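Worksheet for the structure shown next.
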Amino acid sequence: MLLLRRQLDLRPVRNTSLIEIGVWSERPDEAAEIANAIAEEFRGFRMKQHETLVRESRETLEAFARVLRAIASEDPQVLHDSPLTTPVSRPDEVKAAKTPVLVWKPK
């Protein structure tokens, strides 16, 4: 294992999810085989990560949709009047278009 580590140079590519794989060997075909095996394992790892993220995101969105459907089936006006408990109410879109606030100032 130590010998293999000495042959490898793995570096992340800045601002990406890629890695640069460098392998040194006296036999170019061996170096290529090792680099390709590492690349394939990394690709599989990233695919599993992506699948997990997509599945969890989808499950979260489906749960949110179920809650909204339940609320809408009870009283659709509640959704229309939302938000109810936040300090910010529904924006007045006409007023916002006529008199835009381009700089925010704390009160």
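The values are calculated or read from the model by the stated rules, or taken from the named source; none is laboratory data. Computed from a predicted model, the values in this text were never measured in an experiment. Note that we place each Cβ from the backbone using ideal geometry, even for glycine, and neighbour counts take in every protein chain shown.
Scanning the range 1-30 for residues that are more than 31 Å from the chain's Cα centre (by Cα) and of a type in the set (Lys, Arg) yields a count of 3. When Ile38, Ile21 are checked against the criterion of being surrounded by 10 or more Cβ atoms within 10 Å (Cβ to Cβ), assigned to a helix (DSSP H, G or I) and not small (Gly, Ala, Ser), Ile38 stands alone in meeting it. Between Leu61, Leu102, Leu53, the distinction of being assigned to a loop (DSSP other than H, G, I, E, B) and either free of Cβ contacts under 8 Å to residues at least 12 places away in the same chain or of a type outside the set (Gly, Ala, Ser) (or both) belongs to Leu102 only.
In the range 78-94, the residue that is modelled with the highest pLDDT out of those that are more than 20 Å from Leu68 (Cβ to Cβ) and exposed (fewer than 10 other Cβ atoms within 10 Å of the Cβ) is Val94. Residues that are of a type in the set (A, V, I, L, M, F, W, C), out of contact with any strand residue (DSSP E or B) (no Cβ under 7 Å at 6 or more places or on another chain) and within 14 Å of Glu20 (Cα to Cα) within the range 31-51 comprise Ala32, Ala37, listed in sequence order.
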